[in-house]
1. What is the distance, in nm, between label points placed 7 Å from the Cα along the Cα-to-Cβ direction at residue 140 and at residue 97?
2. Quick one: net charge of residue 52's neighbours, Cβ under 13 Å, K/R +1, D/E -1?
3. At a Förster distance of 25 Å, what's the computed FRET efficiency of residue 71 paired with residue 49, Cβ-Cβ distance as r, to 0.05?
Amino acid sequence: MLFWDRYFYQKNKLFLGGEGMIGTADGYTDFLRMLLNHGKLNGYRFLNESSVKEIYSPHTQLDNEYGYNGYNLWVTSKKSRELGHGDEGLWSGGGYEGTHFWIDPKRDFVGLIMTQMFETPRAGHGRDNEIRGEVYKQIFKKCCVILCTMGTLVYLYKFWGEVFSLESIL
């Protein structure tokens with residue numbers, strides 16, 4: 001029996017929403033930009049603003065020092081900046097097999113990591129936190145602030161699939 005036949009056989013009684021989803025970095029980034037723009041993308045409304053607000057509003061883990069859960073979207077606390085993993089108020093999430101994203105509503109950009117390398121995080125601190133942390137180290141540098149407003153962050157979300165060092169862009 002083939003892999004697809006085993007999981008998507010018509011008599012299957014268990015259907016998992018995220019299993020077998022296929023997408024591109026551009027498509028995933030468009031979806032994230034749509035959330036960042038509260039339901040709109042390229043002049044078209046896909047979700048009501050109230051629906052997007054509900055996604056990132058606090059629902060669970062309200063007393064967690066690291067942030068809280070919206071509807072399957074983690075919102076970071078000030079602890080993220082203290083640990084060097086980003087900033088407060090980032091919307092983040094991802095998939096089981098190495099997809100990770102964050103949305104930065106303060107700075108109006110998104111970040112996306114897509115890989116086929118599964119890594120079990122060490123006590124909640126893994127590769128994705130380190131990559132995001134390095135991006136924010138550059139953002140928090142005073143010399144970077146002016147350059148970021150001149151298009152660096154646009155480059156970051158547009159071409160995230162490429163391997164690059166932010167320092168090489170600056």
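Nothing in this text is a laboratory measurement; each read-out follows from the coordinates by a stated rule. The structure presented is a predicted model; accordingly, all values stated were derived computationally and were not measured. Note that each Cβ is placed from the backbone with ideal geometry, even for glycine, and that neighbours are counted across all protein chains shown.
1. Inter-label distance under the simple model: 3.5 nm.
2. Numbers: positive: 33, 40, 45, 53; negative: 49, 54.
Here the count lands on +2.
3. On the way: r = 15 Å, r/R0 = 0.60.
After rounding, the FRET efficiency stands at 0.95.
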